[in-house]
Each structure stands twice: as C-alpha cells, then as structure tokens.
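Taking it in order: structure first as structure tokens, then the write-up.
The values are calculated or read from the model by the stated rules, or taken from the named source; none is laboratory data. For clarity, every value in this text was computed on a predicted model and none was experimentally measured. Because the Cβ atoms are built from the backbone with ideal geometry, glycine has one as well, and the counts that use them run over all protein chains shown.
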2 protein chains.
Amino acid sequence: MHQLILNNFAMHIALAPYEQEQALAFFQIKEVKKRTWLLRAGEIDRYIYFVKRGCLRLFYTDKSGEDHIIGFYPENWWTCDIVSFFTAKPAVNAIQALENSEVYYISLPQLEELFQTIPKFERFFRILNQNGFELYQRRITSQLYKTAEERYLEFRKRHPGMEQRIAQKHIASYLGITPAFLSMMRKESGV
Amino acid sequence: MHQLILNNFAMHIALAPYEQEQALAFFQIKEVKKRTWLLRAGEIDRYIYFVKRGCLRLFYTDKSGEDHIIGFYPENWWTCDIVSFFTAKPAVNAIQALENSEVYYISLPQLEELFQTIPKFERFFRILNQNGFELYQRRITSQLYKTAEERYLEFRKRHPGMEQRIAQKHIASYLGITPAFLSMMRKESGV
C-alpha cells in the first residue's frame, strides 16, 4: 500500500523494516480534487508533498499576472516551495492539483522529529533539496540557452505520457510559449 | 586560526572539540590571487569553498556573452555550483576571486567521508543547500518583481561595505543594470 514512497526512500537511503514503519508514521495522506490549491503564493508552505497518484504543478505568477510553471509533479515526485517550507517565509510559488490526486505530506515539526528519530533522513532530504535545486536551475538556464523546441523535447523526455494528461495551456506555460505556438510546434514536429 | 569556519559550523550543528579537529582535517586551504578562476562554466565543480578572507563571485554568462552575477561571497560565506558539485555534471556557473583571497575547500569524496565520520554534517550541508536555494530563488524573483533601486538597497543591506571593495561593473552586473545606470542611481539616492 505504501510501496511507492518506500521505494522512493530506498533510492537514497537503506531503511530496516521497523524504520520504514517508523518513518511512515510521520506522514499524513489525503486525496485532493483537481484544481485544489495546496499552496497559494504569499502563504507559508507548511508541507512537503509526495504524489502517490495524480499530478501537481508548482508555478509563480509574474507582475503582469502571467503564470510560469516551474514543474509538473506526477506519481513518485516530491514537491514544495523549498524556501518557504524550511524558512517559514511567504511562498513565492503556488502548488495546485492538475488531476484528482492522492498525496503524502509532512510538516516541518514532523520532519524535524523524523530527523531525530532516523538521522538517515537528513541525507534523504539533502539529496531531495539538491535535486530540487537542479530542476530549478535547469528551468532557468533552459529559458536562457535553449530554443522552445529543445525545451519541448526535454519535457517529453522527462515526462513521457504527460502531454495526454494535462491541458495544453499548462504545457505552454511550462515552456514559456503561447498555446498557439505550442500547437504549431507540435504539428511541425509531427507529434 | 580556524575560528571563523568553526563558528560557521556552530551556526547549525554542535560539535565536540575532537569533532572540530576531525572535521577540519577534511578541508584543505589555499590562497588565491585576485582574478583567479576557481571554476569555469562547462567544467565540473570539484570543490565547495568557504571564504576565510577576500571575496569570490558566482556568475553565469548568457547567450550574448554578458555576465550575470548570482552572488558575492566574502568572508564567512560558502559557495559552489551546487548542482555541478553534487552531480558531477558540467557547471552552468563560474567562480572567480574578486580580491586576493584565502579559501577552505572540500571535494565530494572528502565530504562523503566527512558525512560518514560525523553524520551531523549531513544536516549542516542540508541547511547550506537550502540557504543557497533561497539566495538563488530570491535573485530570480528580485529580477522579476523588484525595481533596480530596491535591488540596490537590498544588496547594500546584505553586504555592508562591499561597494567600496569591488568594481562598479560587478555591482551593476549583480543588479542587472548598466554601470552608467548604477552611477546615476547612486547620485540620486545620495550615496
């Protein structure tokens, strides 16, 4: 029942069965309907989320009111506004469900207790933070150095099948282009 | 002699005297002349640096060949291209000394051994990563949401006295404005 998240832990740390049990007890789980806000910009992000089923998006809204999607988080992905979560400052980003989803979540006090109980999790979350940083940096440098088509192919490679699950406007927002331009690009690349 | 870095450790973790000794043994130290490259874009970042004296800059160069400074790292600051260091992928950013400097540095194999020897350092570097992420995110959102003058005042607050130490062109590059505009802004704000 909890195999997905346990396998995810196992990617970076080795846990004995009793530690797996202990760890799971620090997480809560809930179902969220499509379009539910898990975080709004300006609020403090109280939770880190792990997606068991469905898909979330993390995004910010610029001065002109336009959304920019930083990432899509389907099954087996973690997300939060890392800075807001760990510093308890207002979030720059927002998190919303793009599908009916089921998520695990953990608060900072619970996480600190988990670190006390099973110190190996310091390593796990250090690595998650690094991965989050990498994604964030790659998002920014992709916008700087790559063409829209390269970014589109990168997206398809990272998230196979995602295109069929979410609205075109969200993919366009992730790529930093208009939906019309995305549609044109898809026709030209024959997909 | 190593008081600065020991005090820096103490900001996030409590080390017994013998652990301080053990930890220091994993770091090397060297002097670097002004303008020395500690990392060039495209290389793998082999080290994390802690500045004992002097000042480094972390920056990237855009498609048109223009430099964008992500941050200044004077005494008591850590820096590296986090993604390149932890993943051994080519660095997006470069690191250069802006003054004659003295730096501690540690490689990834040494760091992994430090984690084995004193697991508390997992926590220390998790927090450093978070702080690095926060700085990086704030840099990006500042460019999006704040005026050049607000960014200038933020810089002065974060780095008191730094303006007298480094070239105006570097401050302008950090603020994302031209040196001429920086000069005009300084006159207008009466500094």
Point to revise | Counted residues, the range A:164-185 - those being assigned to a helix (DSSP H, G or I) and either in contact (Cβ under 8 Å) with a residue 24 or more places away in the chain or at positive phi (or both) | key: 7
Point to revise | Any chance A:Tyr105 is in contact with a Phe, Trp or Tyr (Cβ under 9 Å, 6 or more places away or on another chain), hydroxyl-bearing (Ser, Thr, Tyr), in contact (Cβ under 8 Å) with a residue 24 or more places away in the chain and farther than 19 Å from B:Gly132 by Cβ | key: yes
Exercise for review: Go through the range A:15-57 and count every residue that is part of a loop (DSSP other than H, G, I, E, B), out of contact with any Leu (no Cβ under 6 Å at 6 or more places or on another chain) and touching a residue at least 24 places away in the same chain (Cβ under 8 Å).
Suggested key: 12
Exercise for review: Collect the residues in the range A:93-113 that are in contact with a Leu (Cβ under 9 Å, 6 or more places away or on another chain) and either within 14 Å of chain B (Cβ to nearest Cβ) or assigned to a loop (DSSP other than H, G, I, E, B) (or both), keeping them in residue-number order.
Suggested key: A:Asn93, A:Ala94, A:Leu98, A:Glu99
**Study point:** Flag if B:Pro119 is surrounded by fewer than 16 Cβ atoms within 10 Å (Cβ to Cβ), farther than 23 Å from A:Gln137 by Cβ, touching a helix residue (DSSP H, G or I) at 6+ places or on another chain (Cβ under 9 Å) and within 14 Å of chain A (Cβ to nearest Cβ)
**Key:** yes
Check your understanding: Does the range B:121-163 hold any residues that are outside any helix (DSSP H, G or I), farther than 17 Å from B:Arg57 by Cα and not charged (D, E, K, R), and which are they?
Key -> B:Thr147
Review point. Just checking, which of A:Ile118, A:Ile70, A:Ile140 is in contact with a Leu (Cβ under 6 Å, 6 or more places away or on another chain) and over 16 Å from A:Gln28 (Cβ atoms)?
Key: A:Ile70
Study note, to complete from the structure: Scanning the range A:100-124 residue by residue, those farther than 25 Å from A:Arg35 by Cα and under 17 Å from the mean Cα position of the chain (by Cα) turn out to be A:Phe124
Review point. Can you tell which of A:Ile140, A:Ile82, A:Ile127 is of a type in the set (Val, Ile, Thr) and surrounded by 20 or more Cβ atoms within 10 Å (Cβ to Cβ)?
Key: A:Ile82
Study note, to complete from the structure: Over the range B:114-172, the set of residues over 20 Å from B:Cys55 (Cα atoms), hydroxyl-bearing (Ser, Thr, Tyr) and modelled with pLDDT under 90 is B:Thr141, B:Ser142, B:Tyr145, B:Thr147
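I'm checking my understanding of the structure. Among residues of the range B:165-191 that are among the basic types (Lys, Arg) and within 26 Å of the chain's Cα centre (by Cα), which one is nearest to B:Ile69 (Cα to Cα)? Step through it out loud before you land on a result.
Applying the first criterion (among the basic types (Lys, Arg)) to the range B:165-191 yields B:165, B:169, B:186-187.
Subset that is within 26 Å of the chain's Cα centre (by Cα): B:165, B:169, B:186.
Working: B:Arg165: 16, B:Lys169: 10, B:Arg186: 19 Å.
Per the criteria, the residue is B:Lys169.
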Point to revise | Selection from the range B:58-80 of residues that are part of a loop (DSSP other than H, G, I, E, B) and under 9 Å from the mean Cα position of the chain (by Cα) | key: B:Trp77, B:Cys80
Exercise for review: Considering every residue within the range A:167-176, establish whether at least one is among the aliphatic types (A, V, I, L, M), surrounded by 15 or more Cβ atoms within 10 Å (Cβ to Cβ), within 10 Å of chain B (Cβ to nearest Cβ) and over 19 Å from A:Leu38 (Cβ atoms).
Suggested key: no
Check your understanding: Can A:Ala88 be described as among the aliphatic types (A, V, I, L, M), touching a Leu at 6+ places or on another chain (Cβ under 7 Å) and more than 9 Å from chain B (Cβ to nearest Cβ)?
Key -> no
Study note, to complete from the structure: Considering the range B:81-92, residues that are assigned to a helix (DSSP H, G or I) and either of a type in the set (Lys, Arg) or touching a helix residue (DSSP H, G or I) at 6+ places or on another chain (Cβ under 8 Å) (or both), and then whichever is farthest from B:Glu31 (Cα to Cα), we arrive at B:Thr87
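From the list A:His2, A:His12, which one is surrounded by fewer than 19 Cβ atoms within 10 Å (Cβ to Cβ), more than 14 Å from chain B (Cβ to nearest Cβ) and touching a Lys or Arg at 6+ places or on another chain (Cβ under 9 Å)?
Working: A:His12 fails: more than 14 Å from chain B (Cβ to nearest Cβ).
Matching residue, one of A:His2, A:His12: A:His2.
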Check your understanding: What are the pairs, 6+ residues apart or on separate chains, where a residue within the range B:71-92 that is without any contact (Cβ under 8 Å) to a residue 24 or more places away in the chain has its Cβ under 9 Å from a residue that is part of a loop (DSSP other than H, G, I, E, B) and among the basic types (Lys, Arg)?
Key -> B:Val83/B:Lys89
Exercise for review: Would you please name the residue that is surrounded by the most Cβ atoms within 10 Å (Cβ to Cβ), looking only at residues in the range A:57-77 that are away from every other protein chain (no Cβ under 14 Å) and over 17 Å from A:Arg139 (Cα atoms)?
Suggested key: A:Pro74
Exercise for review: Would you please list the contacts, defined by Cβ atoms under 9 Å and residues six or more apart or on different chains, that run from a residue in the range A:137-162 that is within 13 Å of another protein chain (Cβ to nearest Cβ) and closer than 26 Å to B:Ala94 by Cβ to a residue that is of a type in the set (Asp, Glu) and assigned to a helix (DSSP H, G or I)?
Suggested key: A:Arg138/A:Glu154; A:Ser142/A:Glu150; A:Ser142/A:Glu154; A:Lys146/A:Glu154
